[in-house]
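To start, the structure itself, in structure tokens.
Bear in mind that the values in this text are calculations on the coordinates, not laboratory data. Predicted model only: the values in this text are computed from it and were never measured. With ideal geometry, Cβ positions are generated from the backbone for all residues, glycine too; neighbour counts draw on all protein chains shown.
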Amino acid sequence: MKRCPRCEKTFPDSETFCEADGTALVQAGPAFAEGATATGAGDAAEQIECPVCGGKAQPGELICNFCGARLGVESAAESYTRQPSSAPPRMAPPRVASTVRRDASPSMRITGRMPDGDGEEEGRGRFSVVWYLIAAIVALGGGAWLALHLSTKPAEQPVANASPAAIASVAAAAPSGPLVALSNAIGVQVTGESAAAPERNQETARKYFEDHKDGLLESYSHAIAGDSTLRDAMAVRIRVLPNGNVDAASVRTSTNPNPAFDAEVVKDVSAWNFTPFSGGQVEIDYPIVFTNDPATRDALESQLSSKLAALSPTEPPEFASTPPSPSPAASEAASAPSPASVESPPMVAEPAPTPTPRKRHHVASAPKPPPLTLQQRVKLVLGSNPRTRRVDCYTSGSTVTIFGKVFDHDAKLYTEKIVRQVPGVGNVIDSLTTDESDWAARQNAIASQLYAAGLNSVTVKVIGHDAYLGGTVKSDAQKRQAVTIAESASPGVHVGSNLITVVPGNMFGF
């Protein structure tokens, strides 16, 4: 005889586990076995049979432990009306998930199989598992197809992000259109006795710039048409009179000194006309950025800030232009009263003049011309020399800035030398460019395009507007391609001589 150490229920020696709670059975003592025999017999007599599966249940149980069917009401009522012979009926604890068959062998007591009554639910569960497996296989197949499809598509070029913070990382590999704007890092400065007036304060000056910067944009567009690498940031100062006219304009400093472009900027801002008012004159400093690549704007503003910080208040401007002062004769004519404003004296009868002997009149000598300015003397020297006829200049005190174009580096040195020999010249700023440097830039542009097209054996030499091609290619088509690349890489250049030799490769193209 065996017993359950947990619920003290007895079982035959052939049992291994307790049918109530699944606890392993232990051998019962002799005294316990005798009492348990009677109890076990009484329990067996009081067991209820399931009307569906025929399984045995303890008195008081309403649900079959084997198939889950509800036990008969009559059987349950009879079990409560019976009086046990030895002990009151005990409510069996909840069954465990495993299926326990009273009539099964010890090795089959606890199994994972469902009772025969649940065959339909078991079939439904298996059907769901099959469908889940099919869905997973379809999803995996779809993912594999998508990955294969994406791997075969050509890589798309990244699209520039419109976010201001990312503009630097994405922004833009190729230069965009020309941009003329005020610096974000440097503010507009207004000085003078009427700097705080609503007609001349910083906000008004900034708004006037935004409304009238089209002329500057047009000048910059013309400038980059000849030199696409021109990017500049400059501090422009204008003096505005009470009547709204710009009395003077200058470029105090810039990040890329270019006298020709400086002159265009000064010319444009000198034509501005502010709203007249009854205050005094003011000076307005505009920090202006000119660029065709937004990615360079921050760098230009930083360079301009450094230049302004190092600029001395007494340092002359980089380029200045003022309206011509009126001539002395014009001043006298303007100051002389008009005939209408002079009152005529009363008419008085005058005696007839007596004849007087004729005197010799001396012809007054012509007035001497005013002395030449330093700028005029330098221009006279430059214009009289064939090597420097394309050079111009402007002056600021004794400093002479020369700009324009000469043939080569030796011509640059020669031009600076003859300018220094002009009396009154204290310093010379050389802003000249050379024909050879322009030719080299065009030559490098063509060579880069040829290399990108795979024509590594083609050579190019640019002189003026003519390009001379040499080297070897493998077919006539490549020879014609080299000519097309040379004439499209640098506008205005045409192939003057094509000395490329066609050397066909072997059957494999090598």
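Projected label points at Val130 and Asp13, each 7 Å from Cα along the beta carbon direction, are separated by 4.9 nanometres. Computed extension length for Ala309-Glu283: 7.5 nm, one decimal, from 0.36 nm per residue of separation with the Cα-Cα distance subtracted. Toward the positive end of the charge dipole of region 389-496, about the Cα centre and with charges on Cβ (Lys, Arg +1; Asp, Glu -1), which of Gln478, Gly397, Gly426 goes farthest? Going by the Cα projections, it comes out as Gln478.
Peptides 178-190, 491-503 ranked from most to least packed, by the mean per-residue count of other Cβ atoms within 10 Å: 178-190, 491-503. Each of Thr434 and Asn245 was given a label point 7 Å from its Cα along the Cα-to-Cβ line. The distance between the two points is 4.6 nm.
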